[in-house]
Amino acid sequence: MNDTSLPPDVSTDLQQGLQAMGLDAALATPLLAYLALLVRWNRTYNLTAIRDPREMVTRHLLDSLAMASHVTAGTLADLGTGPGLPGIPLAITHPQLQVTLVESNGKKARFLREAVRQLGLKNARVAESRAEALDEPGAYDNLTARAMDTLAGIVEVGGHLLRPGGQLLAMKGVYPHEEIAQLPADWQVLEVRPLQVPGLVGDRHLVVAERR
């Protein structure tokens, strides 16, 4: 599944990153296939502002995988997934995790369907919809959003999708003190976990929150 159109350093960077994160080296093959497809489609459809494949390894693949140990099974809705981040890397890493890729942009949704098809991801599906319009109340164990909105904004548009006791897993940069303070009164933060992303300069945190 590897794509020889990717520079050789891309594979090296990914393999080193997977090793540093304690993830299976065999994941490199499907992850590189996904990356090659993203690079190819990005030339025409501008799915991500990042154009350099090596930068994509760090800022897209490894960044997404930094939360892989925090969600391993059950159902997950990835809100505003864009080109499939972090949803597709998580689906690749955890075949037992059922991932719904929620994206309202038509060209991105078309890419997602092609990626799911080409990668043979039986545990991923695409919902071409705005999060607030997705009529699947209480259907998910977890929600995630990597760059979608503030914490309050995420729960406003996607909170209805969580089952009772389900959790929001929101990826953030620096510790989001202000966003946490602005959460609705019926939501609480359980913890904020620092994330380590090989090669990434800057802070990353995973905010775990639930309805009270």
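Going by what's in this entry, would GLY153 be described as surrounded by fewer than 19 Cβ atoms within 10 Å (Cβ to Cβ) and at positive phi? Walk me through how you get there before you give the answer.
Working: surrounded by fewer than 19 Cβ atoms within 10 Å (Cβ to Cβ): yes; at positive phi: no.
Answer is no for this residue.
Scan the range 19-36 for residues that are among the polar types (S, T, N, Q) and either touching a residue at least 24 places away in the same chain (Cβ under 8 Å) or under 15 Å from ASP9 (Cβ atoms) (or both) and jot them down. Lay out the reasoning, then the answer.
Residues of the range 19-36 that are among the polar types (S, T, N, Q), as a first pass: 19, 29.
Of everything in the range 19-36, just one residue is among the polar types (S, T, N, Q) and either touching a residue at least 24 places away in the same chain (Cβ under 8 Å) or under 15 Å from ASP9 (Cβ atoms) (or both), namely THR29.
Somewhere in the range 135-148, is a residue modelled with pLDDT of 95 or more and farther than 21 Å from ALA209 by Cβ? Spell out how you get there, then give the answer.
First, pick out the residues of the range 135-148 that are modelled with pLDDT of 95 or more: 135-144.
Imposing the further condition that a residue be farther than 21 Å from ALA209 by Cβ reduces the set to 135.
Yes, there is a match, as at least one residue in the range 135-148 is modelled with pLDDT of 95 or more and farther than 21 Å from ALA209 by Cβ.
In the range 156-192, which residues are open to solvent by less than 20 Å² (accessible area, probe 1.4 Å) and either charged (D, E, K, R) or outside any strand (DSSP E or B) (or both)?
Once the filter is applied, which keeps residues that are open to solvent by less than 20 Å² (accessible area, probe 1.4 Å) and either charged (D, E, K, R) or outside any strand (DSSP E or B) (or both), the range 156-192 yields GLY158, GLY159, LEU161, PRO176.
Considering (1) surrounded by 15 or more Cβ atoms within 10 Å (Cβ to Cβ); (2) over 15 Å from the mean Cα position of the chain (by Cα); (3) under 21 Å from HIS94 (Cβ atoms); (4) not polar (S, T, N, Q), say which one VAL10 fails and leave the rest.
(3)
The rows are residues; the columns are (1) in contact with a strand residue (DSSP E or B) (Cβ under 6 Å, 6 or more places away or on another chain); (2) surrounded by 16 or more Cβ atoms within 10 Å (Cβ to Cβ); (3) under 29 Å from ARG43 (Cα atoms).
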site	(1), (2), (3)
PRO89	no, yes, yes
GLN98	yes, yes, no
LYS108	no, yes, yes
GLU114	no, no, yes
GLU132	no, no, no
GLY138	yes, no, no
ASP149	no, yes, yes
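Pick from the range 58-83 the residues that are open to solvent by 10 Å² or more (accessible area, probe 1.4 Å) and of a type in the set (A, V, I, L, M, F, W, C): which of them is farthest from the chain's Cα centre (by Cα)?
ALA73
Tell me, which residue of the range 31-57 that is assigned to a helix (DSSP H, G or I) and open to solvent by 30 Å² or more (accessible area, probe 1.4 Å) is nearest to GLN167 (Cα to Cα)? Reasoning before the result, please.
Initially, the range 31-57 is screened for residues assigned to a helix (DSSP H, G or I), giving 31-45, 53-57.
When the remaining residues are screened for being open to solvent by 30 Å² or more (accessible area, probe 1.4 Å), the result is 40-41, 43-45, 54-55.
On the way: ARG40: 34, TRP41: 33, ARG43: 36, THR44: 36, TYR45: 33, ARG54: 32, GLU55: 30 Å.
The selected residue is GLU55.
On the given criteria, is GLY153 touching a His at 6+ places or on another chain (Cβ under 9 Å), within 24 Å of ARG59 (Cβ to Cβ) and of a type outside the set (Phe, Trp, Tyr)?
Details: touching a His at 6+ places or on another chain (Cβ under 9 Å): no; within 24 Å of ARG59 (Cβ to Cβ): yes; of a type outside the set (Phe, Trp, Tyr): yes.
No, not satisfied.
The values are calculated or read from the model by the stated rules, or taken from the named source; none is laboratory data. Quantities reported herein were computed from a predicted structural model and do not represent experimental measurements. Reconstructed Cβ throughout: ideal geometry from the backbone, glycine too, with neighbour counts over all protein chains shown. Protein only, heavy atoms only, side chains kept; ligands, DNA and RNA dropped before computing areas. Shrake-Rupley method; radii C 1.70, N 1.55, O 1.52, S 1.80 Å.
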